[in-house]
Amino acid sequence: QVQFVESGGGLVQPGGSLRLSCTASGDSASLYGMGWSRQTPGKQREAVAAITYTGQTWYLESVKGRFTISRDNAKNSIYLQMNSLKPEDTGVYLCNSADGLGINTYWGQGTQVTVSS
């Protein structure tokens, strides 16, 4: 079993910044890959950024250069620094993880990010 505590969401104007945090509890073997996905109103859920235990990262093309994902393995935590936010970034951001083979996956409840003037 894996549980997540997510925080950092909020309301921000276009061009602003937010930093999301996710701290996991449970078996670290289930946390080889961790990342953030978002549920955007009117759209399907999409992966935003991911990072492996060894530090390999992946980003959605539309957030490259604006978002940075990082992790602290000792704390079983990941972070998403979001800069130059756009209205299109609005959505519920959900922390997630997977084991090394991607067989078992886990999801948090999410934190709301709203970008609006």
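The values are calculated or read from the model by the stated rules, or taken from the named source; none is laboratory data. Computed from a predicted structure; not experimentally measured. Only protein heavy atoms, including side chains, enter the accessible area calculation; ligands, DNA and RNA are left aside. Shrake-Rupley method; radii C 1.70, N 1.55, O 1.52, S 1.80 Å.
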Taking 0.36 nm per residue of separation between T40 and Q3 and subtracting their Cα-Cα distance, the length gained on full extension comes to 11.0 nm
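Mind checking the alpha-carbon convex hull of the chain and giving the volume per residue in Å³?
Numbers: hull volume 10.8 nm³, N = 117.
Taking only Cα atoms, the chain has a hull volume of 92 Å³ per residue.
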K75: accessible area at probe 1.4 Å, nearest 10 Å²?
-> 130 Å²
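Using only alpha carbon pairs under 8 Å that are at least six residues apart, calculate the relative contact order of the chain and give it in whole percent.
Working: 290 pairs, mean separation 42.2, N = 117.
The value is 36 percent.
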By accessible area (1.4 Å), largest first, T68, T54 order as T54, T68
Result for the chain: accessible area per residue, probe 1.4 angstrom, in square angstrom, of 53 Å²
Sequence-distant aspartates and glutamates (8 or more away, or on other chains) whose Cα lies within less than 19 Å of K86 = E46, E61
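Over the chain, with every protein chain in place, what whole percent of the accessible area is carbon and sulfur at 1.4 Å, could you tell me? Numbers along the way, then the final one.
Working: 3020 of 6240 Å².
After summing per-atom areas, the C and S share lands at 48 percent.
Heavy atoms only, probe 1.4 angstrom, no DNA, RNA or ligands counted: give me D27, D72, D89 ranked by accessible area, highest first.
Values: D27 85, D72 50, D89 5 Å².
Reading off the accessible areas and sorting them downward yields D27, D72, D89.
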